[in-house]
Amino acid sequence: MQESLQSFTDSHKTLLEDKMREYVNQLEAPSIIKESMLYSLEAGGKRIRPLLLFATLAAFNQDTKIGLNTAAALEMVHTYSLIHDDLPSMDDDDLRRGKPTNHKVFGEAYAVLAGDALLTYSFQLIAETSAEDATADAKLAIIKEFSKAAGAEGMVGGQVADIDGEEKQLSLPELEYIHVHKTGKLLAFGVIAGAILSGADEEKIHLLTEFATHLGLAFQIRDDILDLEGSVEMIGKPVGSDEVNHKSTYPSLLTMDGAKKALVEHTTLAKAKLAETGLNTFFLEEITDMLAVRNH
């Protein structure tokens, strides 16, 4: 019998969170920086990026535990980006998931350093993956893809374009560039890393990368739609905040009907790419529905 997505998610979140806590606590570092790192790591969240990694490993019938170090690294980089995003020089946010942001608790200097520590530790964790779980070539390939996804060619580049695009009416290609790079590259990395750890060939890695790219865009389009039609409980921020902040969104560029059509198109394309792989993609399909289709 196929395990449910809820069961898969719950068990892997627990496994991941226990490991991340263990990894940070074992650091020979000042206690204040470890407290700051753990404060944001333990702030909650769906853990979508590592779940995509675990789901990809499951698609290849691999033991998902071989991806633990890479999954922890991925969540650490995501968390570092949130700590830095919240800083006064960036978004200047006081709350993150209902809790005071890191710099409000530990001060700006320690918040910056906690983010730096999470970013750098993530690469160490991948390098320290055991030989039984990943070959040296696989670790090198993962580190290369991770650097691209997190850096100037990925998330950082998307953040820069997002800042440059504030208070401007962006074109659709400009908006897609921001979302593909700021959000989509790290989402896609989880899938790519799972494929590399599984020893996938280039064709399957290509198909899975295309799947993840369409999923990332569908996820963002749905988020833009819910900003207008959702609820505070559903999206975790005031409804209509993008409009108030004069942000370019898919509904503002395509109309609401156009945005909904684009959501269906990218979701359909994502699932088509999964089908082409010939793998057991049950969990990846379920995550796609959770992120891009279901209104919860």
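Here are some notes:
- Pairs beyond 23 Å (Cα-Cα), from LYS13/LYS260; LYS65/LYS99; LYS13/LYS185; LYS182/LYS260; LYS19/LYS182; LYS139/LYS204: LYS13/LYS260; LYS65/LYS99; LYS19/LYS182
- Relative packing of peptides 133-140, 122-129, 191-198 - highest average C-beta neighbours within 10 Å first: 191-198, 122-129, 133-140
- Excluding same-chain neighbours fewer than eight residues apart, the aspartates and glutamates reachable from LYS144 by a Cα-Cα span under 19 Å are GLU75, ASP116, GLU128, ASP133, GLU153, ASP201, GLU202, GLU203, GLU210.
- The helix-only estimate of mean residue ellipticity at 222 nm for the chain, built from DSSP H runs of length n ≥ 4 each weighted as -39500 (n - 2.57), is -22500 deg cm²/dmol after division by the residue total.
- Segment GLU108-SER31, length gained on full extension (0.36 nm per residue, minus Cα span): 26.1 nm
- Accessible surface, per residue, of the chain when the full set of protein chains is kept, probe 1.4 Å, Å²: 47 Å²
- Relative packing of peptides 25-32, 174-181 - highest average C-beta neighbours within 10 Å first: 174-181, 25-32
- Rg and Dmax [Cα atoms of region 1-71; Å; Rg one decimal, Dmax integer]: 13.8, 48
- Karplus-derived 3J(HN,Hα) values for region 276-285, using 6.51 cos²θ - 1.76 cosθ + 1.60 with θ = phi - 60°, are 5, 6, x, 9, 7, 9, 3, 5, 5, 5 Hz; glycine and proline are entered as x.
- Sequence-ordered 3J(HN,Hα) estimates for region 73-85 from the Karplus curve with 6.51, -1.76 and 1.60 and θ = phi - 60° stand at 4, 4, 5, 5, 5, 4, 5, 4, 5, 5, 4, 6, 4 Hz, glycine and proline given as x.
- Convex hull volume of region 48-177 per residue (C-alpha atoms, cubic angstrom): 138 Å³
- Of all accessible heavy-atom area on the chain, the percent that carbon and sulfur account for (1.4 Å): 52 percent
- The chain: relative contact order in percent, alpha carbon pairs under 8 Å with at least 6 residues between: 19 percent
- Order by protection proxy (mean Cβ within 10 Å, highest first), peptides 54-60, 67-73: 67-73, 54-60
- Using θ = phi - 60° in the Karplus curve 6.51 cos²θ - 1.76 cosθ + 1.60, the 3J(HN,Hα) couplings for region 160-174 round to 4, 4, 5, 5, 5, x, 5, 6, 10, 8, 7, 7, 4, x, 5 Hz; x is entered for Gly and Pro.
- Amide H partners (placed H, <5 Å) of ARG96, local residues excluded: THR101
- Size descriptors for the chain (Cα atoms only): Rg and Dmax, in that order, 18.6, 54 Å.
The values are calculated or read from the model by the stated rules, or taken from the named source; none is laboratory data. Keep in mind it's a predicted model, so treat the numbers as computed, not measured. Methodologically, a virtual Cβ is constructed for each residue, glycine included, from the backbone with ideal geometry; neighbour enumeration extends over all protein chains shown. Ligands, DNA and RNA are excluded from the accessible area calculation, which covers all protein heavy atoms including side chains. Shrake-Rupley method; radii C 1.70, N 1.55, O 1.52, S 1.80 Å.
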